[in-house]
Amino acid sequence: MLYKELCEIYEELEKNPSRLAKTTILSNFLKKLKHEKNKEIIYLIQGKAFPDYSEKEFGISEQLCIKALSKASGISSKEIVNKWRKIGDLGKVAEEVMTKKKQNTLFSHKLTTEKVLDNLKKLPELIGKGTVDKKMSLISELLTSSSGIEAKYIIRILLSDLRIGVASGTIRDAIVESCLEKNEENTKAVQESYDKANDLALVFEKACKGIGSLNETELIPGHPLKVMLALKAESIQDGFERVGKPAVFEYKYDGFRMLINKDEKGKVKIFTRRLDEVTKQFPDVVKYIEENIDAKTFILDSEAVGYDPKTKRYKPFQDISQRIRRKYDIEKLEKELPVEINVFDVLYYNGKSLLNEPFQKRTELLRKIIKNKKYRIQSSHQLITDDEKKAEEFYKQALKDNQEGVMIKNLTAPYKPGARVGYMLKLKPAENEFDLVITGAEYGTGKRAGTLSSFTLSCYDKANDKFLEIGKASTGLKEKEEEGLSYTELTNLLKHLITHETGREVIVKPKIVVRIIYQNIQRSPTYESGFALRFPRITHLRPDRTPKDVATLKEVIEEYKRMELKIEY
DNA sequence: CGTGTCTGCCC
DNA sequence: ATTCTGC
DNA sequence: GCAGAATGGGCAGACACG
């Protein structure tokens, strides 16, 4: 297939905001793709070159794309970045500069999707010295044989950011529309096949053959599975209202997700939320599993949480994050930063999928098959109740134990891989807040192109009469001006305060004060104040406050200490 | 061989 | 992670 | 209510470069 044909589909999809329209466009394309041998083209619709379960990486992102574009077009990197600031999309920058370039050279238009896939697939294979140069040549080869539009999407795929408003949900609907009759049963069949396979090319092939083939897709222990995600609850009461009574309450641990598998051969495999395998990083966990769970095959969902080996106090996420991508000194880390596995679900057990079993059954089974060993592996702390007071107490205890809050679950719900569902809620305590002054900003990309979109925040160091950076915030502002403090409004306020511009970043005079809410304060190696905020959000302007009225460094430090000690006021 | 930059992925 | 928005 | 997009801190590892 000519790459040009695919790009025309991308353009159509980008132009049409309606999901129904997108589905129709895509399904028409898929009808053509049915006759193509290479179904991998569907990965290109996802903005990738590999199925979801693949751990392959391009190793290319913004900076190398800028470099590649500069090389292919003959325009300086600085100029490319300037255009990027204005246009907010490196893909569109590529379109512009390559179109200009093309006007000056003769070129024949024969780039195929196969060639694009081919070069993309070579990127993850390159390792060692000279890698970057080799990658540059592979990209340049594609860019120089591209039209403007083709260049645009080559770059966007390299950035894994297609911006055509299409993700797996829309592709799922398009697969149904192109291969089967459009109804709930078929949509469910495609979704469930995808949940188990994590490979849309494979699902598409099966869908072409019919619903029977889709339903044959098996859940296989040892193959990664997407995890189910939670929505937010506002309170215990809200939780009860939404999941019903009685409800299941469990600790929400401040660690990271682990999908633990034991396959047919008895081999334990551990996957993260994004389907990366981390078995090698956690030999301790493998041991705990082998010693404390007696079953032939299974898939468990769990949270690994770190603790201090001496004091046995739970540690914040930041500390154990060292272990996740570790390749060296694993044994040392195993001793210094042990993890406790808190298992909260079982999705497969001794040859059978439990995805459609009610949660009550799964959690009961779970408690039978795990030998609880504190500081190693255990089923997660749980309370099943219809009593709001008891639930409140449980929640408070979770916070006292240094955890983030609680999960609230419905007893009858199935397990939906990859979905964010209303029968599994998370509840965290009210947010902390600071007033901070904006001392810098960055121009946005995509739908935020042309406006400032990320804002550098500073506190005030009274002793030295200086403003010190403590992080950046972006989310919380409105897209539309009528709705409240918007990106446009804040940009207009900051525009005449700009003192320097480099690339997409600007420095502004400390003038505008905003209210920030955040979950936690952490020590920061990045920011000059030495601290950073975890999950910061902007809520509103504080026009009544002058820059020197913002949170002081001293207050930040006090707050940090207070949080560490969990003092309640 | 040490350092800085970049990427990808945890939250 | 959080948040906002279009459908 | 779902799906999608745009953004936060910080970690390890890989590579380039001096």
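We did not get these values from a lab; they are worked out from the coordinates using the rules stated. Just so you know, these numbers come straight off a predicted model, no measurement behind them. Cβ atoms come from the backbone with ideal geometry, glycine included; neighbour counts cover every protein chain shown.
Take every pair of alpha-carbon atoms less than 8 Å apart whose residues are at least six positions apart; their mean separation over the length of chain A yields a relative contact order of 12 percent.
Of all alpha-carbon pairs in the range A:433-564, indicate the percentage at a distance above 20 angstrom.
Working: 3487 of 8646 pairs.
The calculated P(r) of the range A:433-564 puts 40 percent of pairs beyond 20 Å.
Computed from backbone phi, the HN-Hα couplings of the range A:255-260 come to x, 9, 5, 9, 9, 9 Hz, rounded to whole numbers (Karplus: 6.51 cos²θ - 1.76 cosθ + 1.60, θ = phi - 60°; Gly and Pro given as x).
Working from label points 7 Å from Cα in the Cα-to-Cβ sense, the A:Lys396 to A:Ser76 distance is 6.5 nm.
Solvent-free Debye calculation, one equal scatterer per alpha-carbon of the range A:1-122: log10 I(q)/I(0) at 0.09, 0.13, 0.23 Å⁻¹ equals -0.31, -0.67, -1.39. In summary, the convex hull built on the alpha carbon positions of the range A:231-348 has an orientation-averaged projected area of 9.1 nm².
In a fully extended conformation the segment linking A:Lys280 and A:Lys86 would gain 65.4 nm over its present Cα-Cα distance, using 0.36 nm per residue.
By count of other Cβ within 10 Å, fewest leading, how are A:Thr412, A:Thr499 ordered?
Going from sparsest to densest Cβ surroundings: A:Thr499, A:Thr412.
The mean sequence distance of close C-alpha pairs (under 8 Å, at least 6 residues apart), as a share of the length of the range A:235-427, puts its relative contact order at 31 percent.
Evaluated at 20 °C with a viscosity of 1.002 mPa s, what Stokes-Einstein diffusion coefficient in µm²/s does the range A:518-566 have when Rh comes from the Kirkwood expression over alpha-carbon pairs? Could you put the intermediate results ahead of the total?
On the way: Rh = 12.1 Å.
Value of D from the Cα-based Kirkwood radius: 177 µm²/s.
Among A:Arg274, A:Arg448, A:Arg156, a tally of other beta-carbon atoms within 10 Å of each Cβ gives an order, fewest to most, of A:Arg274, A:Arg448, A:Arg156. If you average the C-alpha positions of the range A:1-27 and of the range A:268-286 separately, how far apart do those two centres end up, in angstrom? Using only Cα atoms to place each centre, the spacing works out to 37 Å.
For chain A, the Cα-based Rg and Dmax, in that order, read 25.9, 76 Å.
Each residue of the range A:261-270 is assigned a 3J(HN,Hα), and the resulting list reads 10, 10, 8, 4, 8, x, 8, 8, 9, 10 Hz, derived from the Karplus form 6.51 cos²θ - 1.76 cosθ + 1.60 (θ = phi - 60°), x at Gly and Pro. Projected over all directions and averaged, the alpha-carbon convex hull of the range A:480-549 occupies 6.2 nm².
In the range A:213-291, what is the volume of the convex hull around the alpha carbon atoms, normalised per residue and reported in Å³? Please report the intermediate quantities before stating the final value.
Values: hull volume 13.4 nm³, N = 79.
Normalising the Cα hull of the range A:213-291 by residue number yields 169 Å³.
A straight chain from A:Arg420 to A:Glu482 at 0.36 nm per residue would run longer than the Cα-Cα distance by 19.4 nm.
Taking R0 as 41 Å, what's the FRET efficiency between A:Glu125 and A:Leu20 from their Cβ-Cβ distance, rounded to 0.05? The calculated FRET efficiency here is 0.55. Here the calculated FRET efficiency for A:His35 and A:Glu234, from their Cβ-Cβ distance with R0 = 45 Å, stands at 0.30, rounded to the nearest 0.05.
Farthest toward the positive end of the dipole of chain A, out of A:Gly74, A:Phe344, A:Pro547, is the Cα of A:Gly74, where the dipole comes from beta carbon charges about the Cα centre.
Over every pair of different alpha-carbon atoms in the range A:55-201, take the mean of 1/r and invert it; report that Kirkwood radius in Å.
Working: mean 1/r = 0.0586 Å⁻¹.
The Cα-based Kirkwood calculation yields 17.1 Å.
For the cross-link pairs A:Lys78/A:Lys110; A:Lys182/A:Lys352; A:Lys252/A:Lys287; A:Lys4/A:Lys101; A:Lys390/A:Lys426; A:Lys32/A:Lys56, the ones whose C-alpha atoms lie over 20 Å apart are A:Lys78/A:Lys110; A:Lys182/A:Lys352; A:Lys252/A:Lys287; A:Lys32/A:Lys56. For chain A, adding -39500 (n - 2.57) for each run of n ≥ 4 DSSP H residues and dividing by the number of residues yields -12000 deg cm²/dmol at 222 nm.
Distance distribution P(r), the range A:235-427, all Cα-Cα pairs, bin width 5 angstrom from 0: 1, 8, 16, 20, 20, 17, 11, 5, 1, 0 percent. The stretch between A:Ile507 and A:Arg257, if pulled fully straight at 0.36 nm per residue, gains 86.2 nm over its current Cα-Cα span. Strictly greater than 21 Å: what percent of every Cα pair in the range A:130-217 meets that? Pairs farther apart than 21 Å: 48 percent.
Check A:Val278: other-chain or 5+ apart residues with amide H under 5 Å from its amide H, H built from backbone geometry? For A:Val278, whose amide H was placed from the backbone, the distant partners under 5 Å are A:Ile270, A:Phe271, A:Thr272.
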